[in-house]
Structure formats: structure tokens, C-alpha cells
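Accompanying notes for the structure given below.
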Amino acid sequence: MRKTQLADGPDQNKGHNYVTALARGLELLRCFGDAAEYLGNAELAKRTDIPRPTVSRLTATLTHLGYLLYMPHLEKYRLGPRVLDLGYRYLASEGVGGIAQPFMQDLADATDCMVAIGVPEGAHLTYTHTCQGKGPLILRLQVGSRVPMALSSMGLAFLAAHDEADREVYYEKIREESRVPWSEIEPLLERAYADYERYGFCMTESTWSRDISGVGVPLVLENGQRVMSFNCGGASQRLTREVMIENLGPRLKEVVDQVRQLVVGGD
């Protein structure tokens, strides 16, 4: 179970503008999900290493504001409607998804794969848009699903779009949060960067799930200040490396190129 330790005050890394109370409140909200729909103060304190009296004050405040709902019969909390409102506001402001949707759906239908867009969140990428194919062997993940940055084609493509100095920030998060040893992750990164240099996309073969393979392509905007990632994935039994190199990867690259041209043209 992942824990995040937050200091009691500003330190040399966070600076004097860092607001610990706000960070702690957001960290409590991040505990929900991943099969943890209902959590009490004791469990929240255990997951975050925040003192329980502080957790109680934070959950009371978040409940008052509508970001948490208290379930008296369980003596636990669940996410409230204000969190959903924030999510919809983010998706509404993210014009790329609306532009990309028809191209993504065409690719999903043509390949019987799932096509998605993801944005970084710690050592993971979170899906903001998904399109599903119609076949029986489809990867069924939805908006809000998270995939590991260092083990997924989407995450590797995201890393490949950054220079070495910028990658170090994400490497630190991966080392902190990943259950896979860095000694196993590093060769995957090296191979992914080599693939990206050669083909323009990254691939995973039964990496973060033994049943799933896929390709990932980054979308880089605003002179590198804004990076998101696309993937196209499905059952590993039919998505061999050869299929990904000769078919899936080039087709996903074409989708991302079309989206980039439209987004840049609309700016």
C-alpha cells in the first residue's frame, strides 16, 4: 500500500510557498479509488502517515466543502460530487480530447483495440479519454484508470518525449512509488528510448500486465511545455512486436500527427 509522507512544515525542496495543509487535503482525496471507495479516518491516517487528529479536521473540512461524503452507517467517507465537478471542468478545458475523439475511435474500430489519452499523475498516467473497439479481446479501461509510467507504452512514450534532465523528476517518483525494482525498470526504459528513436513510438509486450501489449506515442505541444500521451493496446496474443512495428505503431503516429496539426492550427 502506497504511503506519502508530508513534512510538518516547508523544507528545502518545497520552498516557503508550499502549503502543507492543502497538500495533505489533496493527498487524502488521492487515497480513494483503486478499490478503496470507502475509507475512515484511521485508514486515511495509515495510508498517508498524517496524524489522525489532523486527518479528522481535514475530512470534516472536505465534507463541508462537498469533496467528501460521510456515510454514518459505515463511519467512513467516499468522494463527493465536487470532485466529479473538478474532473469535468478539467476535461471540458482539455480541447485535445474533443479533437482527437473521432480519429481515436476510427483507429479503435479498425484494429479492435483500445485507444486512449493519458496525462501524468505521480508515477502513473491517468486516462482522460478512451475509445473502445468492438471485438471480444478488448482492453476495457475507462476514463480515470491509471497505468504505471515506467511499464506502459503510454508512460514510456511520455518519458521519451522529455530530455534526460526532465526525466529525472519522474524517475524519482517512479523509484518512490513503483513496486518493481529499478534494476528491472532501467532496461525497459533503455529499450523504449531506442524504439522511440528508431520508430517514433514505444512498445510494451506483456509488461505491466501479461495479457496486454500496446504502442504509445507522445503529443508534444507549446514547445515542450505540455506533453500528453496516446496509446493503442489490446490482447498480447495477437499484438506481436511485428504487428506493433508494422501496423499499430505507424497508425497511432498518424492519429497523433493529425491531432497535432489541428490543435496547433487552432491555437
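The values are calculated or read from the model by the stated rules, or taken from the named source; none is laboratory data. This is a predicted model, so every value here is computed, not measured. So basically every Cβ, Gly included, is an ideal-geometry build from the backbone, and we count neighbours across all protein chains shown.
Evaluate the following for Val259: is it out of contact with any strand residue (DSSP E or B) (no Cβ under 7 Å at 6 or more places or on another chain), β-branched (Val, Ile, Thr), assigned to a helix (DSSP H, G or I) and assigned by TED's automatic domain parsing to the domain that holds Ala157? Step through it out loud before you land on a result.
Details: out of contact with any strand residue (DSSP E or B) (no Cβ under 7 Å at 6 or more places or on another chain): no; β-branched (Val, Ile, Thr): yes; assigned to a helix (DSSP H, G or I): yes; assigned by TED's automatic domain parsing to the domain that holds Ala157: yes.
So Val259 fails the test.
Would you say Ala192 is modelled with pLDDT under 90 and out of contact with any His (no Cβ under 9 Å at 6 or more places or on another chain)?
On the way: modelled with pLDDT under 90: no; out of contact with any His (no Cβ under 9 Å at 6 or more places or on another chain): yes.
No.
Would you pick out the residues in the range 219-247 that are surrounded by 22 or more Cβ atoms within 10 Å (Cβ to Cβ) and more than 21 Å from Gln142 (Cβ to Cβ)?
So the first thing to find is which residues in the range 219-247 are surrounded by 22 or more Cβ atoms within 10 Å (Cβ to Cβ), and the list is 228-234, 239, 244.
Of everything in the range 219-247, just one residue is surrounded by 22 or more Cβ atoms within 10 Å (Cβ to Cβ) and more than 21 Å from Gln142 (Cβ to Cβ), namely Met244.
Return yes or no: is Arg251 free of Cβ contacts under 8 Å to residues at least 40 places away in the same chain, among the charged types (D, E, K, R), on the phi < 0 side of the Ramachandran plot and assigned by TED's automatic domain parsing to the domain that holds Met149? Can you show your working first?
On the way: free of Cβ contacts under 8 Å to residues at least 40 places away in the same chain: no; among the charged types (D, E, K, R): yes; on the phi < 0 side of the Ramachandran plot: yes; assigned by TED's automatic domain parsing to the domain that holds Met149: yes.
No, not satisfied.
Okay, residues lined up against (1) over 28 Å from Arg175 (Cα atoms); (2) touching a helix residue (DSSP H, G or I) at 6+ places or on another chain (Cβ under 6 Å); (3) at pLDDT below 90:
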| residue | (1), (2), (3) |
| --- | --- |
| Ala7 | no, no, yes |
| Asn17 | no, no, yes |
| Glu37 | no, no, yes |
| Val55 | no, yes, no |
| Thr61 | yes, no, no |
| Asp85 | yes, no, yes |
| Gly95 | yes, no, yes |
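Return the residues of the range 16-32 that are outside any helix (DSSP H, G or I) and either touching a residue at least 24 places away in the same chain (Cβ under 8 Å) or of a type in the set (D, E, K, R) (or both); say none if nothing qualifies. Give the steps one after another, and end with the answer.
Quick first cut of the range 16-32, residues outside any helix (DSSP H, G or I) only: 16-19, 31-32.
Of everything in the range 16-32, just one residue is outside any helix (DSSP H, G or I) and either touching a residue at least 24 places away in the same chain (Cβ under 8 Å) or of a type in the set (D, E, K, R) (or both), namely Phe32.
Those residues that are surrounded by fewer than 14 Cβ atoms within 10 Å (Cβ to Cβ) and at pLDDT 85 or above, I need them from the range 97-116; list them, please. Let's see the steps before the verdict.
Initial filter on the range 97-116 (surrounded by fewer than 14 Cβ atoms within 10 Å (Cβ to Cβ)): 98, 102, 110.
Listed by number, the residues that qualify are Pro102, Ala110.
Mind listing just one residue for me: the one in the range 162-185 that is of a type outside the set (Asp, Glu), touching a residue at least 40 places away in the same chain (Cβ under 8 Å) and closer than 22 Å to Ser145 by Cα and, of those, surrounded by the fewest Cβ atoms within 10 Å (Cβ to Cβ)? So that I can check it myself, show each step before the final result.
Going through the range 162-185, the residues of a type outside the set (Asp, Glu) turn out to be 162, 165, 167, 169-171, 173-175, 178-183, 185.
Narrowing further to those that are touching a residue at least 40 places away in the same chain (Cβ under 8 Å): 162, 170, 173-174, 178.
Still in the running and closer than 22 Å to Ser145 by Cα: 170, 173-174, 178.
Values: Tyr170: 18, Lys173: 16, Ile174: 22, Ser178: 18.
The selected residue is Lys173.
Pull out all pairs, ordered by first then second residue, where Cβ-Cβ is under 7 Å, the residues are six or more apart or on different chains, the first lies in the range 186-203 and is farther than 12 Å from Leu151 by Cβ and aromatic (Phe, Trp, Tyr), and the second is assigned to a strand (DSSP E or B) and at pLDDT 95 or above.
Tyr196/Cys202; Phe201/Val215; Phe201/Gly216; Phe201/Val217
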